[in-house]
Amino acid sequence: MNSHVTSVTDRLRITEVFYSLQGESSLVGLPTVFVRLTGCPLRCGYCDTAYAFQGGQWQDVSALLQQVAGFGTRYVTITGGEPLAQPACLALLSALCDQGYQVSLETSGALDICAVDSRVKRVMDLKTPGSGEMDKNRYGNIACLAAQDEVKFVITDAADYRWARDCLVKYQLPQRCTVLFSPAQGQLAPAELAQWILEDRLPVRFQIQLHKYLWGDVPGR
């Protein structure tokens, strides 16, 4: 466990805590508790969680641990918004790992991931040009990635695809960790992205958002 961890009395602003199937990443399909933190410094054009930008309720880490335990699953995902925008997120992540959960963090890649507990699977975006937030990418995070981590590209069009494909080579991403290519819902046909990946023989994992296929754009699912 990293030495930065502070007291579990740290408080976080929480939009929702819910139980669902993991819809993305290599853990897709697994029953998971999601803790969605409030607030995000980015405004991606395809964002589907704008309701988490504001509001929420303050909770301390110990209360969140009790709430998570009530669902009876070993998988927990911390998401947002942008979870790392709240400093106490680091304490929450480590506390969950201490409790024996398999923990993943969904992060935009705009903030430093290097201080995150090494036991956490970090699922980090690299924002494409089509997101409107490419200038927020913190490329220094790439050096901190470990084999258990994952890098995600949400792709809106052919230009995004070419940019993401170039990033694979420039940063040697497939040699570092799993790489995820996902079509932006309503902007790029999934079959089109799948065909590009096959034609270029890219060493990436194609994914769609399982939860949207099952339940649509229902918050908390």
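Restricting to the range 157-183, name every residue that is of a type in the set (Ser, Thr, Tyr) and without any contact (Cβ under 8 Å) to a residue 40 or more places away in the chain. Scanning the range 157-183 gives Tyr161, Tyr171. Residues in the range 188-214 that are exposed (fewer than 15 other Cβ atoms within 10 Å of the Cβ) and modelled with pLDDT under 95: Tyr213, Leu214.
Each residue in the range 151-187 was checked for being at pLDDT 95 or above, touching a Lys or Arg at 6+ places or on another chain (Cβ under 7 Å) and surrounded by fewer than 19 Cβ atoms within 10 Å (Cβ to Cβ), and 0 pass. Is the range 70-83 home to any residue that is under 30 Å from Asp160 (Cβ atoms), acidic (Asp, Glu) and buried (at least 16 other Cβ atoms within 10 Å of the Cβ)? Yes; the residues of the range 70-83 include at least one that is under 30 Å from Asp160 (Cβ atoms), acidic (Asp, Glu) and buried (at least 16 other Cβ atoms within 10 Å of the Cβ). Scan the range 169-203 for residues that are part of a loop (DSSP other than H, G, I, E, B), more than 19 Å from Pro129 (Cα to Cα) and touching a strand residue (DSSP E or B) at 6+ places or on another chain (Cβ under 9 Å) and the total you get is 3.
Scanning the range 142-158 for residues that are more than 21 Å from Gln209 (Cα to Cα) and out of contact with any Ser or Thr (no Cβ under 8 Å at 6 or more places or on another chain) returns Ile142, Ala143, Cys144, Leu145, Ala147.
Among the residues of the range 67-125, those that are basic (Lys, Arg) and more than 10 Å from the chain's Cα centre (by Cα) comprise Arg74, Arg119.
The values are calculated or read from the model by the stated rules, or taken from the named source; none is laboratory data. Note that the structure is a prediction, hence the values are computed from the model and not measured. Methodologically, a virtual Cβ is constructed for each residue, glycine included, from the backbone with ideal geometry; neighbour enumeration extends over all protein chains shown.
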